[in-house]
Amino acid sequence: MTGLAAGLRTLAVTAAAGLLALAGTAAVPASPAVAAPEPKAPREFVALDSVDRTILREVRYTTAHNFMGEPVDGYRQPVCLLTRPAAEALHRAQVRLLARGYALKVYDCYRPQRAVDHFVRWARDLADERMKGEFYPLVAKDRLFADGYIAERSGHSRGSTVDLTLVRLPAARTRAYVPGEPLTPCFGPYGERFPDSSLDMGTGYDCFDTLSHTEDPRITGEQRANRQMLKGALEAEGFVNLPEEWWHFTFRPEPFPSTYFDFPVARRSVAGH
């Protein structure tokens, strides 16, 4: 009986130890999932206002006032990020324009690939036409890819392309867009288009229409002169205009001619540069 009792006692101790081990294991919380850190910009990128604080900003894709009608993926803050050579070239153009009583105003600068992907998803959703009345009144949405208004890659994602306009000084304040307000065509008369404080360029920004072509012959007089003033000021500093969009310019040579970045538009992306 003594051996049996000892054996039972050993089994009991072993079982108790096993239960304690299981309990101890259960008591240890699972390690929380660690989110992957957001990508940061290479050191060649800067915030434009760290180079020139006088250039105005109206970063449309942080707001609902754009062709999609909602803020765009990847735009965390209304800042303009660019490669340093592009930012410094804009500064030089701005110095010349300020002397003439004008200032540059940027609409978009570096654009993350996730934003371009958002554009593509929106373009394929043919039922969503909430902003058609302003930005593409005469273009069927199913033609946006074929006509070149939307693409799966954008030069903006390489960091040296900027969308911008000219403002006469002192600059008037741009009123806020109210989602759901009545829309007017982007190519309508200057006084009827959405007011954004810029000079009359013949169309508004991001107007999906052939009137946005920089040299469209229907653009004459003051509108043509304004486009040429913008184009001349930027070309003198190394920018090249996209002929289909009077507002679109790329600095050459590009530091990253074949790299499409995806870090967010936010100051933290260039923190410490």
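The values are calculated or read from the model by the stated rules, or taken from the named source; none is laboratory data. All values reported here derive from a predicted model rather than from experimental measurement. Quick reminder, even Gly has a Cβ in these numbers, built from the backbone with ideal geometry, and neighbours come from all protein chains shown. Quick note on the areas: whole protein, heavy atoms, side chains included, nothing else; ligands and nucleic acids left out. Shrake-Rupley method; radii C 1.70, N 1.55, O 1.52, S 1.80 Å.
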Tell me, yes or no, whether the range 209-231 has at least one residue that is under 21 Å from the mean Cα position of the chain (by Cα) and free of Cβ contacts under 8 Å to residues at least 60 places away in the same chain. yes
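crowded, with 21+ Cβ neighbours inside 10 Å and not in a loop (DSSP other than H, G, I, E, B), is that true of Thr165?
So Thr165 fits the description; yes.
Do we find that Leu98 is modelled with pLDDT of 95 or more, aliphatic (A, V, I, L, M) and in contact with an Asp or Glu (Cβ under 6 Å, 6 or more places away or on another chain) in this structure?
On the way: modelled with pLDDT of 95 or more: yes; aliphatic (A, V, I, L, M): yes; in contact with an Asp or Glu (Cβ under 6 Å, 6 or more places away or on another chain): no.
So Leu98 fails the test.
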Only unsatisfied item for Phe249, checking (1) assigned to a helix (DSSP H, G or I); (2) of a type in the set (A, V, I, L, M, F, W, C); (3) in contact (Cβ under 8 Å) with a residue 40 or more places away in the chain, is (1)
From the option list Pro32, Pro39, single residue qualifying as more than 28 Å from Ala89 (Cβ to Cβ) and either open to solvent by 70 Å² or more (accessible area, probe 1.4 Å) or modelled with pLDDT under 95 (or both) is Pro32
Considering only the range 103-140, how many residues are open to solvent by 40 Å² or more (accessible area, probe 1.4 Å) and within 27 Å of Glu192 (Cβ to Cβ)? 5
In the range 195-219, what residues are over 16 Å from Leu242 (Cβ atoms) and either at pLDDT below 95 or among the hydrophobic types (A, V, I, L, M, F, W, C) (or both)? Pro195, Asp196, Ser197, Leu199
The number of residues in the range 141-158 that are assigned to a helix (DSSP H, G or I) and open to solvent by 50 Å² or more (accessible area, probe 1.4 Å) is 2
With the checklist (1) open to solvent by 20 Å² or more (accessible area, probe 1.4 Å); (2) under 25 Å from Pro78 (Cα atoms) in hand, flag the one item Cys207 doesn't pass. (1)
Options Arg224, Arg175; residue that is open to solvent by 50 Å² or more (accessible area, probe 1.4 Å) and in a helix (DSSP H, G or I): Arg224
Checked the range 72-113 for anything among the acidic types (Asp, Glu) and over 17 Å from the mean Cα position of the chain (by Cα); matches are Glu88
